[in-house]
Amino acid sequence: MDAYPEVYTTAPVQPKEKKPGQLTNEQIKQYFDEGFVLVKDFFTPEELQPCRDGTAELVDALAERLYKAGKIKNTYRDAGLFQRLTLIEEEFPGTCALLLKEGKIHKAYCDLWVNDRLLNVMEQLVGPEIAGNPLWNLRPKVPSNDETTVPWHQDNCYTLPESLGTLIPVAWIPLLDATVENGCMQVVRGGHRRGVTADHVGVVGGTWYVEVLEEEMEKTLGVNIKTDIVTCEVPYGGVLFINNAIPHRSLPNKTDNIRWSLDLRWQHPDKPSGFWGKRKPVLMRTARDPMYVVPQDEWDKFFNADRGSELESSTGLSGEDVDEFDTTVHGPWLTRWPIVRHNRHTRALQVQQDGV
């Protein structure tokens, strides 16, 4: 089992210059010692409003597509951001999966990804050469929906094993107050210290997710489930920073509102990204050019991405002629780990693979 403990527990040389948004020495220590740090007032509501607006635009576009195709009878245009997708999902189950597979990144998310204060934090975590890791997500946790409840896992379980030696910091950014009631995150502090990925199994309930069992975490990662689980309620404007080796999960959403969140990732540009598609890390900051900005053609690769086809291709399928309204999700993690419980997602993948 490959292990890279130093990757996740050793901070780089810290910048001498004080910059806005930087973590304190205590927070840097916590990040590398415990695997996470929560900053409760990183953004103002006004700074995140464009992401709310952009998310509403993506939902609106998806609703119009479903309506024109006869999949839904109402676009629910009058419903708010935190209710609309729930109503669409009730009429066309699997709409949340469609949003994931579509993988359309809004300009507002790109602007947040290169936010100076976030990059100042990343400089503290990965050094002065910073790239955006291609694996980003917009997550709609609709109420009482098991497909949007993510079980215990390490992010490394979803990426190519070659990236285990790459620190890939994650900023988890909710678009409203994330609470226990609406499905905030939990982490297992210290689960990153051995620098290994524990064995995962799939799939959980009706999801396309794999999980690491608690007894496996204790055996392989050396944690104590009774004492090391930390519940991370994040207020709107807050950011939860984690790494790609710490176990974490989300709780069920028991409220009436959708718990929207973004997770954005960074890394050193020259290290393996672990991404299973053709997209490469996007250089966002370099010490060689203090005035560097991401060229538009780099963003265009994300704007024009078809995540559904990328997911298909990564499992050995052609990736061609993907049904735009197919709500099953297939990904390389479903071929990497043992599948001990099958559902419609894994059965659909089996059918397609048997037909290849």
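The values are calculated or read from the model by the stated rules, or taken from the named source; none is laboratory data. Please read all numbers here as calculations on a predicted model, not as lab measurements. Positions of Cβ are backbone-derived with ideal geometry, glycine not excepted, and every protein chain shown enters the neighbour counts. Note: areas computed on protein heavy atoms with side chains; ligands, DNA, RNA excluded. Shrake-Rupley method; radii C 1.70, N 1.55, O 1.52, S 1.80 Å.
Any idea how many residues of the stretch 3-27 are hydrophobic (A, V, I, L, M, F, W, C) and open to solvent by 80 Å² or more (accessible area, probe 1.4 Å)?
1
Does Glu216 satisfy the condition of being charged (D, E, K, R) and open to solvent by less than 30 Å² (accessible area, probe 1.4 Å)?
yes
How many residues does the stretch 157-186 contain that are under 16 Å from Gly35 (Cα atoms) and part of a loop (DSSP other than H, G, I, E, B)?
So the count comes out to 4.
Is it the case, given these coordinates, that Gly70 is outside any helix (DSSP H, G or I) and over 30 Å from Thr179 (Cα atoms)?
So Gly70 fits the description; yes.
Given the structure, is Pro290 modelled with pLDDT of 95 or more and surrounded by fewer than 23 Cβ atoms within 10 Å (Cβ to Cβ)?
Judged against the criteria, Pro290 is not a match.
Please go through the stretch 255-287 and pick out each residue that is under 30 Å from Leu81 (Cα atoms), polar (S, T, N, Q) and in a strand (DSSP E or B).
Ser261
Among the residues of the stretch 239-251, is any over 23 Å from Tyr4 (Cα atoms), assigned to a loop (DSSP other than H, G, I, E, B) and out of contact with any Ser or Thr (no Cβ under 8 Å at 6 or more places or on another chain)?
no
For the stretch 92-120, which positions are open to solvent by less than 60 Å² (accessible area, probe 1.4 Å) and of a type in the set (Asp, Glu)?
Glu102, the sole residue that qualifies.
Here are some residues: Glu47, Glu57, Glu34. Which one is under 21 Å from the mean Cα position of the chain (by Cα), open to solvent by 20 Å² or more (accessible area, probe 1.4 Å) and farther than 20 Å from Leu175 by Cβ?
None of the others qualify; the one that does is Glu34.
If you go through the stretch 306-336 one residue at a time, how many are surrounded by 18 or more Cβ atoms within 10 Å (Cβ to Cβ), at pLDDT below 70 and more than 19 Å from Tyr158 (Cα to Cα)?
Within the stretch 306-336, residues that are surrounded by 18 or more Cβ atoms within 10 Å (Cβ to Cβ), at pLDDT below 70 and more than 19 Å from Tyr158 (Cα to Cα) number 1.
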